[in-house]
Amino acid sequence: MTALIIDDEIQIRRLLRMALESKGYTVRDAENGQMGLQEAVFLKPDVILLDLGLPDMDGVDVLKRLREWSSVPVLILSVRDQESVKLAAFDAGADDYVSKPFSTAELLARLSAIQRRQGTHDAANLKLGPLVLDPVHHEASLSGHALKLTPTEYALLAQLVRHAGKIVTLKQLLRAVWGPQAEEQSQYLRVYANHLRKKLEGSTLEIKNEPGIGYRLEET
Amino acid sequence: MSATDSPTAPPSPTPVSLAEVGQYSCGLTLVFVLASTCWVLLPYTGDLFVALVFLMAIVLAGTWWNRGPVLMMAVVSALVWNYFFIPPQFTLHIDKPQDMVMFSLFFVVALSMGHLITRLRAREAALAQHHQEREHLLELKHRAELLAESERLHRTLLDSVAHELKTPIAIIRTALDGLGQGNPYAREIETANRRLQRIVESFLEMTRVESEALEPQPDWCEIGDVLHAATKPIQEELAAHPLLITGTTDLPLLRLDSRLLAQVLGNLLHNATRYAPAGTNIEIAASLAGSTLELRVRDHGPGLPLGAEDQLFEKFYRAPDSPAGGTGLGLAIARGLMRAMKGDIEAHTHPTGGAEFVLHLPVKTRSAA
């Protein structure tokens, strides 16, 4: 597995390199956006850690350029105070974030979560722990028992399962389930997320809320 | 006149100001003064000279006076010229056809000049006013732009400072994570680093609250999520204090800034963990009264120093017997944030012991069913 670290702080790059190498990653790093993009082209890493506070380019712009030709999982490293920038990063295609100062264990967990592929798509079932979704019949079952879901609830759950472990922004969820014209109607989302939470109660799955950003379905 | 006529005076069709009346009388006087002068000079100048004198007077009058007086002057001077100067004198009748033509021409020229000059003046005045208004608007716009720019610089500076302070703290944390659990010295560094992080974050937040650049961003949320966000950063501290939460399950969706409210709750809870003895409960009670959300956070510690219920929320206030390591900003930040969200916070000692903080927040609600 190869990882690319794009961060202007040399100490952060060194420390993250040590942490990732100890987990078996091959690590390359870049100190600014321009070099980061070049490395991404040559290296074709399996995962990218991207700092938002880069000296030469806006981290979000790096991400936008990257997303023009690559769907590589990207973990954002941010200083917590930039809420609006974080949201912009997610809209631009980031998969998850950690705030500095972060716990290395959490960073590594998020890193592996965003690299996890959802196995097979489309025809075959979506599986996550005790949850199985049948995309053909729009049915779901939890630990073998059928889960009664309305079509909207199924659509919402499917989105979360498809991006399991990763954050899905409010806008993405609204667009996927209700269509592009509903991007501002977060209250529908809250209500249905609430329904799903109740239905998943007692299982090992939890729908976690990221304030101001979106939701994440996690296995606990 | 019927008996039901209104007692008020009938309105005049065009109001005539006092200044204008003055202009009328001056104009009339001027015409006659000029006429008298020309009468004296008539043997040397001829009657055509008179017409030109009158025209000059009309033009000059046009540069100062309103249209009405100027046109009146034009008419009166034409008539005076006719009566007193054009042969036969002392009648309005004109003998020679060429004199008739001259008279008509004078009339036309006098009236049009009067009209044109006054219109020109009015146009100039309008332009000057327009110019003045534009200058004023530009000044306002300029001031607004400067203010926006200064706010933007302020925010950029704050972000820079935040970045500079948090980066070394993040580096220390990552390095300690790499050292692993075995080292007792590392454990001390870790505790101190976490304390440093808290202090830095408190100062940054206090600055943000005070700069009044804080704009709450309300969105629909579940109170459970807010509580979760509040407790997540202080899980370790809360380990010694069981949380008893009531009232949250019945609440509908609430429209508020969950990040700010979580911060307020986090500060209150963190305080409770520091002042209340280990093992004691911390109780959170949520309720909705109309469109006001009420949250009560209560601990079973020593309670508040007597009389300090309000002073508590001032910056850098530390209770006399408080444990070392606090910034004295937690409650000041909490109040600043509550007020920024158009709510408020108050504190008192609970009758059965411990401190109780009450938050009030205006919210919109929506059924979560």
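For B:Gly303, nonlocal amide neighbours, meaning residues 5 or more places apart or on other chains whose placed amide H falls under 5 Å from its own, are B:Gly354, B:Ala355. If you average the alpha carbon positions of the stretch A:143-186 and of the stretch B:59-85, how far apart do those two centres end up, in angstrom? Distance between centres, Cα-based: 85 Å. Of all DSSP beta bridges confined to the protein assembly as shown, the antiparallel ones make up roughly 70%.
Calculate the FRET efficiency for B:Leu18 and B:Glu151 from the Cβ-Cβ distance with a Förster distance of 56 Å, rounded to the nearest 0.05.
Using R0 = 56 Å, I get an efficiency of 0.65.
Only beta bridges with both residues in chain A are counted; by DSSP, about 50 percent of them are antiparallel. Between B:Ser104 and B:Glu135, how high is the FRET efficiency from 1/(1 + (r/R0)^6) when r is the Cβ-Cβ distance and R₀ = 56 Å? Nearest 0.05. E between B:Ser104 and B:Glu135, to the nearest 0.05, is 0.75.
The Cα trace of the stretch A:2-115 gives Rg and Dmax of 12.4, 34 Å, the first to one decimal, the second as a whole number.
Once the mean 1/r over all distinct Cα pairs of the stretch A:177-220 is inverted, what Kirkwood radius in angstroms do you read off? Evaluated over the stretch A:177-220, this radius sits at 11.5 Å.
Please list log₁₀ I(q)/I(0) at q = 0.08, 0.09, 0.11 Å⁻¹ for the protein assembly as shown, using the Debye equation with identical point scatterers on the alpha-carbon positions. At q = 0.08, 0.09, 0.11 Å⁻¹ the computed log10 ratios are -0.68, -0.79, -1.14. Segment A:Ala109..A:Leu43, full-extension length gain: 21.5 nm, with 0.36 nm per residue of separation and the alpha-carbon distance subtracted. Distance from the Cα centroid of the stretch B:198-219 to that of the stretch B:110-132 is 57 Å (rounded to whole angstrom).
So which chymotrypsin sites (Phe, Trp or Tyr not before Pro) in the stretch B:249-330 end up in coil per DSSP with only 13 or fewer other C-beta atoms within 10 Å?
Working: sites: B:Tyr275, B:Phe313, B:Phe316, B:Tyr317; in loops: B:Phe316, B:Tyr317.
Counting only loop positions with at most 13 other Cβ atoms within 10 Å, the chymotrypsin sites (Phe, Trp or Tyr not before Pro) in the stretch B:249-330 are B:Phe316.
Using bins of 10 Å that start at zero, the share of Cα-Cα pairs per bin across chain B amounts to 4, 15, 17, 12, 6, 5, 6, 8, 10, 9, 6, 2, 0, 0, in whole %. Quickly estimate the mean residue ellipticity at 222 nm for chain B, helices only: each DSSP H run with n ≥ 4 gives -39500 (n - 2.57), and the total goes over all residues, rounded to 500. Helix-only estimate at 222 nm: -20000 deg cm²/dmol.
A Gaussian network model of chain B, with springs between Cα atoms under 10 Å, assigns the largest mean-square fluctuation among B:Gly182, B:Gly266, B:Gly336 to B:Gly182. Computed on the stretch B:19-138, the Cα convex hull volume stands at 98 Å³ per residue. A Gaussian network model of chain B, with springs between Cα atoms under 10 Å, assigns the largest mean-square fluctuation among B:Ser322, B:Ser287, B:Ser36 to B:Ser36. Ordering A:Leu128, B:Leu158 from the fewest to the most neighbouring beta carbons within 10 Å gives B:Leu158, A:Leu128. For the stretch B:19-138, the relative contact order is 28 percent, taking Cα pairs closer than 8 Å that sit 6 or more residues apart in sequence and dividing their mean separation by the residue count.
Report the calculated FRET efficiency for B:Val40 and B:Leu92 (r = Cβ-Cβ distance, R0 = 25 Å), to the nearest 0.05.
Result of the calculation: an efficiency of 0.65.
Comparing B:Gly307, B:Gly328, B:Gly354 in a Gaussian network model of chain B, where Cα atoms under 10 Å apart are tied by springs, the biggest mean-square fluctuation is seen for B:Gly307. By the count of other C-beta atoms within 10 Å, a proxy for reagent exposure, B:Leu55, A:Leu174 are ordered fewest to most as B:Leu55, A:Leu174.
Bear in mind that the values in this text are calculations on the coordinates, not laboratory data. If you're wondering where the values come from, they're calculated on a predicted model, not measured in any experiment. Note that each Cβ is placed from the backbone with ideal geometry, even for glycine, and that neighbours are counted across all protein chains shown.
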